[in-house]
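*Asks:* My structure is below; once you've seen it, I'll send some questions.
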Amino acid sequence: MKKHYRVVIIGAGIMGLSAAYHLARRGITDVLVIDRGYLCGGASGRNGGGVRAQFSSETNIRLMRESIEICRDFATEMKINVWFRQGGYLFLTRSKAQAAQLEASAGLQKRCGLATRLLSGREVQSIVPEIDTQGVELASFNPDDGVVFPWPFLWGYAQAAEALGVELATFTEVEGFATDGKRITSLALARTAHDALAAHDRAERTSAHGRGPQLAPESHTERPVQERFSVSAETVLCCAGAWSPNIAKMLDISLPNVPHRHEICSTEPLKPWLGPLVADLSNGLYFSQSARGEIVGGVSVEPVPHGINQRSSVQFLATYAQALVRTVPSMASVKVLRQWAGCYDLTPDQSPIVGRVDGCENFVLACGFMGHGFMMAPVMGRHLAEHIATEETSALFAQWNLRRFAEGNLLKSESMIIG
Amino acid sequence: MSGKTLLCRCEDVTLDEVEHAIAKGHTDIESVKRFTGFATGWCQGKQCLIACARVIEDKTGAFPLAPITPRPPVHPMPLGMLAGLANVVSTERVTHHERGAVRKPNVGNGEGESQ
Amino acid sequence: MPTDHSAPGALRIARTRGTMRTSDDMTARRVDHRAVRAQHPEGVLRAVYDYAALDSAQTCGIRYDGRALDARVGEPLALSLLANGIDTLSRSVKFHRPRGPMCLRGNCEGCLTRVDDDPNTMACVARAHDGREIRSQNAFPSAELDVLRITDWFFPKSFDHHHLMVRYGPAINQVMQSFARKMAGLGTLPTRASEPMAPLAMDCDVLVVGLGPAGLALAAQCAQAGLKVVAVDEEPDVGGFLRDSLQWHTHEGARVCAPAWCDLQLAKLRALGVSVRLGAAACATFDDGTLVITGERALWVRARARVFANGSHESVGNFENNDLPGIYTERAVARALRQGVRVGATVLLTGGSDETDALALALSHTDATVHRVQPGETLRGAKGMGDVSGAVLVGPKGERTVSCDAIGAENVRTPAFELAGQAGVEPRASLTRRCFVAHSHEAGRTERRDVFVVGSVRSEGDTREPDWDATVSASVIALCKETAAQTGASR
Ligand SMILES: Cc1cc2nc3c(=O)[nH]c(=O)nc-3n(C[C@H](O)[C@H](O)[C@H](O)COP(=O)(O)OP(=O)(O)OC[C@H]3O[C@@H](n4cnc5c(N)ncnc54)[C@H](O)[C@@H]3O)c2cc1C
Ligand code: FES
C-alpha cells in the first residue's frame, strides 16, 4: 500500500466499487478502496437484488432505466455472471389512495418510455396464477424490471477495477481523519485480522441495546487490530452506506440519514414458478425467485432498533410469513432456510446525498441510497467518477447535495419505496 | 472414474472449487462461502463448515478464528407455521430491550434536519 | 413385520445399478430380528434391536414414484425405502449426482424427497403410514437413472458458474441463463395450502434444548430445584448420540441397552414434571425467545434461562466420492440396524471405537460381510457409478480396494454452536480440534447472561467428557432465582 493516492474510497460496497471502476475507466487509477470487512459484508451483499425502473419520480425512472441497460450487458462485459433476469416487477396496492398514486406513477413511467401496464386483480393472476388477489385494488407491471444476484456484481467491479490498477484493501477500517480545517490531510486506518473482525462484529450477534442487562461482564473484547497506519489523498469519497453518518461525524459533519434495519429471508430452492418480483405497497412485502430457485423476500417491520443493527428478529419472520402466505397460500408448506438483515440508509426526503460537502473541500459523499442503492450504483458510479474527475457539478448532483437540508430544500419524496 | 470430493453436498461444492476460490484471493471464510456457495443450501453448513474451514487452514496456514455468522434457522421452518406467530410474539419485549427503537421516517440529530 | 421379499405376492423391485437387479440380490434389506435372536441369544445382540417396537410393528402400504411398497407403520420413510432396496432418492443441484440418505437423523440433505404434497421433505424424519406418496426429486426420468448426470462427467473437478458462458456474447449468455433457470431448484411448489395448527407461546424458567446425556441430566437437576422446565429435542426419542450406542449401559446396577437407558431418563424427567417435547426442533433463537418447530406447529418459548445442550453435527467425510448413496455415518448404520434394516450385504466400517466393534459384530450376525479399516489405514475414496460398489484404502502397505455396497464412515463430529451463536454467544475456533465451539466461561456460563451451554456443544476436549455435572445446573438455578426475585413472580 502506498502513502498517497489520488482518491481514497471508504466502503467497498457496490457504490464504492462502481465508482472505483469508473474512475479507472477514465484513467484515474491511483485509487485505494478500503472496507472494514469482507466484500459483500455491507448492504450490497445483503439485499434482494431488485432492479426496476418503476418509480414515482422522473429522476429515478430515468436513472434506473439506464441501470437496467447496464445490467443486461454486465455479464458479458465484465466477464462474470450476475444472473440478471427480466421477469418484471409487479406492484400491488390495496387502497384507493395508493391505487391513485400508482396510476399517476404509471402514467409518468409511460411518458418516460417504460412499458408499464396497469392491471386489475384478475389480470395479476394471468402473470402469477398462484397469487390470491382478494383485496388487490390495482397493480402495475413493467416487464423490463428484473433481479440480479448481488454478490458477483461486486466481484465483477472489484476484479475489473483491480485489473486497471485500483488497490482494494478489505478488513481495513477508517478510524479518523486529520484535517487542516478546510480539507482532509490524511486518513487514519486500522487493519484487522481477517476473521477476527467477524468474531468481533457484534452488530450481528448482539443488539446494541440488548447489551445492558443481558450480557455478562466478561464479554467485552478488544478489537483485534493488527496494524495502524495513515494514508493521504487528494479526494476522499465516502461510500460507507449506512455507516456514512459515523464517518462524517469523525469530521464533525452531521448527516441527516439514519440506518434502518431491514430484514430478509430465503426459502428452499424450488423449480421456477415465479416470474416477476412481486411487491405489495400496502405492507412492504416483496418476494422474487432467485437464480437458484429460492424465494427471497422481506417485509416492513416496525419498530426497528436504533443504529447499525444486523440481527434477525422473530417479529420479521412472523410478519413476513403472514403476509406471504396470505398472498400466495400454497407457500404455506415452503420452508425458510435462512434469514438475515442489513441496513437501509434512510434520508428524510428519500433521496440520496451525493457530491462535495461545504466546508470540507476534498470530501465527497455518496450515501443515503435508501432501499434501492444497489440498482443505482451502476449509473451513480459513472456520475461520481465524472464529478471527481471534472470537478463539475451536474444538475443531478446539485439537486442531491447535502446542503439542501440546511437550506430547507427537501425534495418531493419518492412514493415507490419497498419495505 | 471421476475423483470428486464434495465438501458441500447441498450445493455441490467440490474441494477443487474451494481451492480455486482461495487461489483467487477469497481467503476469509465469509468470502469463501459467498464465492463457492458452501453452507448456503439445505443444511446451511451443518455438514460442510468444518470441512471448508480445514481446507482454508491447509491452504492459508491458519484455521479461521470464527465461523461464518450463524443465521437462523438451523432447521428449515415452514412459512405456514410461522404465519400465526404474530399473535403470540409480543413486540413489547423487544421495545423493552431496545429502548432506542425508532419509527421510520426518522431523522438523526443532524444539523440539516427537517421534516 | 419383517418383509419377506421372496414371498408370493410381495413386490419385486428392479433396481438399476448399471445392470438390472432383482429383489434377490438387493443389498439393503430388513433383518429378521427373531431369527437373529434365535441363532445368537447372548451378548451384544440384545443391546442392538429395538425388540418391542419391531415385534409390534404393523405393515402399511406406501408409494414411491408410483410403485407400491410395503413399510412398517411409524418407521422413517427413508428406512422403508432402504428396506425395499432403494438408496437413491434424488439428484444433486448442479452435477446431478445421485443422492441418498446418509445420516438418518435429519442432519444432511440426502433423503430429500417430495412426501405427499410437500417438496424437500426429509424422508428420515417423515414417518410411514398407509397411503404416503413419496416422489424422487430433481431427476429425469428417475433418481437412479438421470440423464442430466452428464453435467457431472462434463465437469470432472468443479463447475465455475460465475464464469460460465460469459465470453461468447449476450445472446449465448442469455441462452445459458434460461437453461440454468430451468435446471435450478429442487422440489416444485406445493399444489395446496397446508393449514398447520396455530403457534403456541410457552413461558418457563428454563428451556433445555437437546436431550442427550447432558440435557437430560441438566433438565432433571433444574426440575428437582423446583423450576419450571421445558425440554425439547428434535428427535422422536431422547438420548442423543447415546441412544445409537450398541453397548450395554447400567441403570441402578442392572445391565440395560441404550434406548432403554434413555427411556428411563425420559420417564424420570416426566415424573419430575418437566414438559418434554419430542420431535420438536429448536430452529432459531432470538433475543426474546426461542422458536421451536414440531411436526404440527410452532412453539414460541420464553425462558429465564436457556440451556443449549444440542450436541454436535456430523461433517462430510474427507474422501473422494464421499457423496455416493450407500455411504452412511457409522451412527446411521447402527440406527438402521436397531430398527431392523441392514444397509448393505458387504459393509465397510471405517471407525475404530468400541461402538464400531459392536456394530461390526451385530452386522455379521445378519449375514453381512464386514470389512474394517486396519490401523494406519485411511479411506481414500469410494467407488461406484450410481451407488457405492467399493472403496479404496491406503495404508502403510500401500493401497487396497475392497468391494462393498455400503460404507459406515466415522465422520468428524463438530459442536453445533449455531443456536447458541444466534442467541449472541460467540462461536470460537478450537485450534486443537480444528472446529468451532460455543464459547463458554466456567459452569456453562456465556457472555449472555440468560444463555448456558453444556455438553459437546461447548467442550474443547473429548466430546464425551461429562461436564454436565451439577455446576452448570447450579448456575442456571441461581440465575432463575435471581431474576425471579427481581421480577417478583415465577413463570
Ligand atoms: C435487506 C435489503 C434489501 C435490499 N434490497 C434492494 C434491492 O432489491 N434493490 C436495490 O437496488 N437495493 C436494495 N437494497 C439497498 C442496497 O443494498 C443498498 O442501497 C446498497 O447496497 C448500498 O450500497 P453502498 O455501497 O452504498 O453501501 P454498502 O454496501 O453498505 O457498503 C458500505 C461499506 O462501507 C464499509 N464501511 C463502513 N464503515 C467503514 C469504515 N469506518 N471504514 C471502512 N469501511 C467502512 C462497510 O463495511 C460496507 O461494506 C436493500 C438493502 C437491504 C438491507
Ligand atoms: S437428513 Fe435424512 S438422511 Fe440425513
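*Asks:* Name the residue farthest towards the positive end of the dipole of the protein assembly as shown from the options B:Cys8, A:Phe316, A:Gly88, assuming +1 on Cβ of Lys and Arg, -1 on Cβ of Asp and Glu, about the Cα centre.
*Replies:* Of the options given, the answer is A:Gly88.
*Asks:* Sticking with this structure for a sec: Size of the dipole of the range B:6-60 about the Cα centre, Lys and Arg at +1 and Asp and Glu at -1 on the beta carbon, nothing else charged, in debye to 20?
*Replies:* Details: 7 positive and 9 negative charges, 30 e Å.
Computed about the Cα centre, the dipole is about 140 debye.
*Asks:* Accessible area per residue, 1.4 Å probe, Å², for the protein assembly as shown: what's the number? Before the final figure, lay out each step's value.
*Replies:* Working: 36120 Å² over 1025 residues.
Ligands and nucleic acids excluded, the result is 35 Å² per residue.
*Asks:* For chain C, which whole-number percentage of the solvent-accessible area (1.4 Å probe, protein heavy atoms only) is attributable to carbon and sulfur atoms?
*Replies:* Values: 10160 of 18400 Å².
Carbon and sulfur together cover 55 percent of it.
*Asks:* Related question: Buried accessible area between B and A (1.4 Å probe, both chains summed, ligands and nucleic acids excluded), in Å² to the nearest 100? Let's see the in-between values first.
*Replies:* Values: alone 9160 and 17940 Å², together 22280 Å².
In total, this chain pair buries about 4800 Å².
*Asks:* Next up: Compute the distribution of all C-alpha to C-alpha distances in chain A, in bins of 10 Å from 0, and list the percent of pairs in each, rounded to whole numbers.
*Replies:* Bins of 10 Å from zero give 5, 22, 32, 26, 13, 3, 0 percent of pairs.
*Asks:* Still on this structure, I have one more. If you place +1 on the Cβ of every Lys and Arg and -1 on the Cβ of every Asp and Glu, how big does the dipole about the Cα centre of chain C come out, in debye to the nearest 20? Write out the running numbers ahead of the final one.
*Replies:* On the way: 57 positive and 58 negative charges, 159 e Å.
It works out to roughly 760 debye.
*Asks:* Would you mind telling me the share, in percent, of accessible area of the range B:6-60 contributed by carbon and sulfur at probe 1.4 angstrom? Working shown, then result.
*Replies:* Working: 540 of 1240 Å².
Of all accessible area on the range B:6-60, carbon and sulfur atoms account for 44 percent.
*Asks:* What percentage of the solvent-accessible surface of chain A, computed with a 1.4 Å probe over protein heavy atoms, is contributed by carbon and sulfur atoms?
*Replies:* Working: 6730 of 13720 Å².
The C+S portion of the solvent-accessible surface of chain A is 49 percent.
*Asks:* Calculate, for C:Tyr168 and A:Ser230, the FRET efficiency according to 1/(1 + (r/R0)^6) with r their C-beta to C-beta distance and R0 30 Å; round to the nearest 0.05.
*Replies:* Details: r = 46 Å, r/R0 = 1.55.
Between C:Tyr168 and A:Ser230 the formula returns 0.05.
*Asks:* Same structure again: Quick one: which of B:Lys46/C:Lys94; A:Lys271/A:Lys335; A:Lys249/A:Lys412; A:Lys335/B:Lys46; A:Lys79/B:Lys33; B:Lys4/B:Lys59 span more than 24 angstrom between C-alpha atoms? Working shown, then result.
*Replies:* On the way: B:Lys46/C:Lys94 19 Å; A:Lys271/A:Lys335 14 Å; A:Lys249/A:Lys412 27 Å; A:Lys335/B:Lys46 17 Å; A:Lys79/B:Lys33 21 Å; B:Lys4/B:Lys59 18 Å.
Going by Cα-Cα distance, A:Lys249/A:Lys412 fall outside the 24 Å limit.
*Asks:* Just to be sure I understand the interface: list residues from the range C:301-325 that lose 30 Å² or more of accessible area between the chain on its own and the complete protein assembly, 1.4 Å probe.
*Replies:* The answer is C:Arg302, C:His313, C:Ser315, C:Val316, C:Glu320, C:Asn321, C:Asn322, C:Asp323.
*Asks:* Output the Kirkwood hydrodynamic radius of chain C, Cα pairs only, in Å rounded to one decimal. Provide the component values of the computation, followed by the final result.
*Replies:* On the way: mean 1/r = 0.0413 Å⁻¹.
Evaluated on chain C, it is 24.2 Å.
*Asks:* Restricting to chain C, what percent of DSSP beta bridges are antiparallel, rounded to 5? Numbers along the way, then the final one.
*Replies:* Numbers: 52 of 86 bridges.
Approximately 60 percent, going by the DSSP bridge assignments.
*Asks:* Quick check: Cα centre of the range C:287-343 to Cα centre of the range B:15-78, how many Å?
*Replies:* The distance from the Cα centre of the range C:287-343 to that of the range B:15-78 comes to 20 Å.
*Asks:* Put simply, what bits of the range C:143-163 lose 30 Å² or more of accessible area when the other protein chains are there, versus the chain on its own (1.4 Å probe)?
*Replies:* C:Pro156, C:Lys157, C:Ser158, C:His161, C:His162, C:His163
*Asks:* Based on the Cα gyration tensor of the range A:262-419, what are the three equivalent ellipsoid semi-axes, each the root of five times an eigenvalue, rounded to whole Å and given largest first? Spell out each step's value before the answer.
*Replies:* On the way: eigenvalues 258, 58, 37 Å².
Ellipsoid semi-axes (Å, largest first): 36, 17, 14.
*Asks:* Now for a different question. For A:Ala178 and A:Ala163, calculate 0.36 nm times their separation in residues minus their Cα-Cα distance, and state this gained length in nm to one decimal.
*Replies:* Roughly 2.3 nm would be gained on extension.
*Asks:* What angle do you read, to the nearest 10 degrees and between 0 and 90, between the alpha-carbon axis of helix A:150-163 and the longest principal axis of chain A?
*Replies:* Tilt relative to chain A: about 30 degrees.
*Asks:* Taking both sides together, what accessible area is buried at the B/C interface, probe 1.4 Å, expressed in Å² and rounded to the nearest 100? Numbers along the way, then the final one.
*Replies:* Values: alone 9160 and 22810 Å², together 26490 Å².
Result for this pair: about 5500 Å² buried.
*Asks:* Now for a different question. List the trypsin sites (Lys or Arg not before Pro) within the range A:340-419 that DSSP assigns to loop and that have no more than 12 neighbouring Cβ atoms inside 10 Å.
*Replies:* Working: sites: A:Arg356, A:Arg382, A:Arg403, A:Arg404, A:Lys412; in loops: A:Lys412.
Counting only loop positions with at most 12 other Cβ atoms within 10 Å, the trypsin sites (Lys or Arg not before Pro) in the range A:340-419 are A:Lys412.
*Asks:* Determine by what factor the alpha-carbon radius of gyration of the range C:307-438 differs from 2.2 N^0.38 Å, reporting the quotient. Working shown, then result.
*Replies:* On the way: Rg = 16.6 Å, N = 132, 2.2 N^0.38 = 14.1 Å.
This ratio for the range C:307-438 stands at 1.18.
*Asks:* In square angstrom and rounded to 100, what buried accessible area do you get between chains C and A, total over both, with the probe at 1.4 Å? Kindly include the intermediate steps, with their values, before the conclusion.
*Replies:* Values: alone 22810 and 17940 Å², together 36890 Å².
Counting protein atoms only, the buried area is about 3900 Å².
*Asks:* Using a basic spin-label model with each label point 7 Å from the Cα along Cα→Cβ, how many nm lie between A:Glu361 and C:Arg255?
*Replies:* Between A:Glu361 and C:Arg255, the label points sit 9.1 nm apart.
*Asks:* What does the convex hull of the alpha-carbon atoms of the range C:150-300 project to on average, in nm²?
*Replies:* Numbers: hull surface 64.2 nm².
Dividing the Cα hull surface by four gives the mean projection, 16.1 nm².
*Asks:* Further question on the same structure: Could you tell me which residue out of A:His372, A:Val328, A:Val354 lies farthest along the dipole of the range A:298-375 toward its positive end? Charges go on the beta carbon: Lys and Arg +1, Asp and Glu -1, centred on the Cα centre.
*Replies:* Going by the charge dipole, the pick is A:Val328.
*Asks:* Let me ask something else. Grab the other residues whose beta carbon is less than 13 angstrom from that of C:Arg99, score K and R as +1, D and E as -1, and report the net.
*Replies:* Values: positive: B:Arg9, C:Arg91, C:Lys94, C:Arg97, C:Arg149; negative: B:Glu11, B:Asp12, C:Asp87, C:Glu109, C:Glu144, C:Asp146, C:Asp152, C:Asp323, C:Asp387.
Cβ neighbours under 13 Å give a net charge of -4.
*Asks:* With a/c under 1.5 counting as rounded, go ahead and sort the range A:1-47 into rounded, prolate or oblate using the C-alpha gyration tensor (a ≥ b ≥ c being the square roots of the eigenvalues; past the cut-off, prolate if a/b is larger than b/c, else oblate). Each step should come with its number before you reach the end.
*Replies:* On the way: a/c = 3.58, a/b = 1.57, b/c = 2.29.
Oblate.
*Asks:* Same structure, new question: Could you give the Stokes-Einstein D for the range B:6-60 in µm² per second, using the C-alpha Kirkwood radius, 10 °C, 1.306 mPa s?
*Replies:* Values: Rh = 10.5 Å.
In µm²/s, the coefficient rounds to 151.
*Asks:* Continuing with this model, one more query. Heavy atoms only, 1.4 Å probe, whole protein assembly: order A:Arg36, A:Arg65, A:Arg111 by accessible area, highest first. Kindly include the intermediate steps, with their values, before the conclusion.
*Replies:* On the way: A:Arg36 70, A:Arg65 100, A:Arg111 175 Å².
Reading off the accessible areas and sorting them downward yields A:Arg111, A:Arg65, A:Arg36.
*Asks:* In µm²/s, what is D for the protein assembly as shown at 10 °C and 1.306 mPa s, where D = kT/(6 pi eta Rh) by Stokes-Einstein and Rh is the Kirkwood radius from Cα pairs? Before the final figure, lay out each step's value.
*Replies:* On the way: Rh = 29.9 Å.
So the translational diffusion coefficient is about 53 µm²/s.
*Asks:* Can I ask one more? Could you tell me which of C:Leu291, C:Ser178, A:Gly181 has its Cα farthest along the dipole of the protein assembly as shown towards the positive end, charges placed at Cβ (Lys, Arg +1; Asp, Glu -1), taken about the Cα centre?
*Replies:* About the Cα centre, the residue reaching furthest to the positive side is C:Ser178.
*Asks:* Could you compute the net charge surrounding A:Ala279? Neighbours are other residues with a C-beta less than 11 Å from the C-beta of A:Ala279; K and R count +1, D and E count -1. Numbers along the way, then the final one.
*Replies:* On the way: positive: A:Arg52; negative: A:Asp145, A:Asp280.
Local net charge: -1.
*Asks:* Quote the charge dipole size of the range A:276-419 about the Cα centre in Debye, to the nearest 20; the model charges only the Cβ of Lys and Arg (+1) and of Asp and Glu (-1). Walk me through the numbers before you get to the answer.
*Replies:* Details: 10 positive and 12 negative charges, 134 e Å.
My answer is approximately 640 debye.
*Asks:* Turning to a different aspect of this structure: Which net charge results for the neighbourhood of A:Phe363, defined as the other residues with beta-carbon distances under 9 angstrom from its beta-carbon, given Lys and Arg at +1 and Asp and Glu at -1?
*Replies:* Working: positive: A:Arg183, A:Arg356; negative: A:Glu361.
Once all neighbours under 9 Å are counted, the net charge is +1.
The values are calculated or read from the model by the stated rules, or taken from the named source; none is laboratory data. Values in this document were obtained by computation on a predicted structure and should not be read as measured data. Reconstructed Cβ throughout: ideal geometry from the backbone, glycine too, with neighbour counts over all protein chains shown. Note: areas computed on protein heavy atoms with side chains; ligands, DNA, RNA excluded. Shrake-Rupley method; radii C 1.70, N 1.55, O 1.52, S 1.80 Å.
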